[in-house]
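Here's the structure, in structure tokens; my notes come after.
Values in this text are rule-based calculations from the coordinates and carry no lab data. Because the structure is predicted, anything quoted here is derived from the model rather than measured. Note that each Cβ is placed from the backbone with ideal geometry, even for glycine, and that neighbours are counted across all protein chains shown.
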Amino acid sequence: MYNRIENQAISILKELDINTLPIPIEDIAKRRGVQIKPYDLGEDVSGVLLIDKDKSVIGYNPTESVVRQRFTIAHELGHFELHRKYSELFVDKDKPLFRNQDSSTGEFKREKEANAFAAAILMPEHLIQKVANNLGLNFIDEVAIKQLAKIFNVSQQAMTIRLTKLNLFW
């Protein structure tokens, strides 16, 4: 399942000829036909995706940190790319929530998939390895994670999770 998601994220980056860092996630969303707008969603809502036949909109919480906003936009784009046939509305709270008629198992699965997509598109494995090689990183420690997170403009937590899932602690 996750290989499919990784491949889809990489395919989008290749299709749009994106290889600069940090990944321009807002530009990607716009080029995929999704508008991006800051919305006052309340403090417990990070983002929403509204899908309509004429337009789709990702709303993000502008009061959150930039790295959180970027991940939220990427996460909602993941719902757009992976799940738009299942629902027209996705609402993501601090504790992930996906609203439609599916069971909670389906909700959890789609949230994990959207997170995997967000990680894959914001932190592509080949670019992590390229940057790590350019920096001369022989092993990953807290300092290296901080460097990589800054370059990719993601949180240290997101980078740590991504490196762990990719088994890139060398």
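Annotations for the structure displayed:
- The chain: relative contact order as a whole-number percent, Cα under 8 Å and 6+ apart: 22 percent
- Counting other Cβ atoms within 10 Å as a rough exposure proxy, the listed residues R84, R70 run R84, R70 from fewest neighbours to most.
- Built amide H within the under 5 Å cut-off of I36, gap 5+: I58
- For the residue pairs K53/K109; K30/K55; K55/K85; K30/K53, the alpha carbons lie more than 22 Å apart in K53/K109.
- The GluC sites (Glu not before Pro) of region 18-88 that DSSP puts in a loop, and whose beta carbon has at most 15 other beta carbons within 10 Å, are E43, E88.
- Helical content of the chain, expressed as a calculated mean residue ellipticity at 222 nm, amounts to -16500 deg cm²/dmol (DSSP H runs of 4 or more residues, -39,500 (n - 2.57) each, divided by residue number, nearest 500).
- Each principal axis of the chain carries a Cα extent, and these read 47, 33, 30 Å when sorted largest first.
- The dipole here belongs to the chain: it is taken about the Cα centre, uses +1 on the Cβ of Lys and Arg and -1 on the Cβ of Asp and Glu, and is about 320 debye.
- Dipole of the chain computed with +1 at Lys/Arg Cβ and -1 at Asp/Glu Cβ about the Cα centre; of G136, V66, A116, farthest Cα towards the positive end is G136.
- Note on the chain: with a GNM built from Cα contacts shorter than 10 Å, the maximum mean-square fluctuation among A29, A114, A144 falls on A144.
- Rg of the Cα atoms in region 123-170, relative to 2.2 N^0.38 Å, amounts to 0.95.
- Sequence-separation-based contact order of region 123-170, relative, with Cα cut under 8 Å and 6+ spacing, percent: 41 percent
- When S65, S56 are arranged by Cβ crowding within 10 Å, least crowded first, meaning fewest neighbours, the order is S65, S56.
- Highest-MSF residue in the chain out of V131, V34, V143 [GNM, Cα springs under 10 Å]: V143
- Cα-only Debye scattering, region 1-59: base-10 log of I(q)/I(0) at q = 0.15, 0.22 Å⁻¹: -0.59, -1.00
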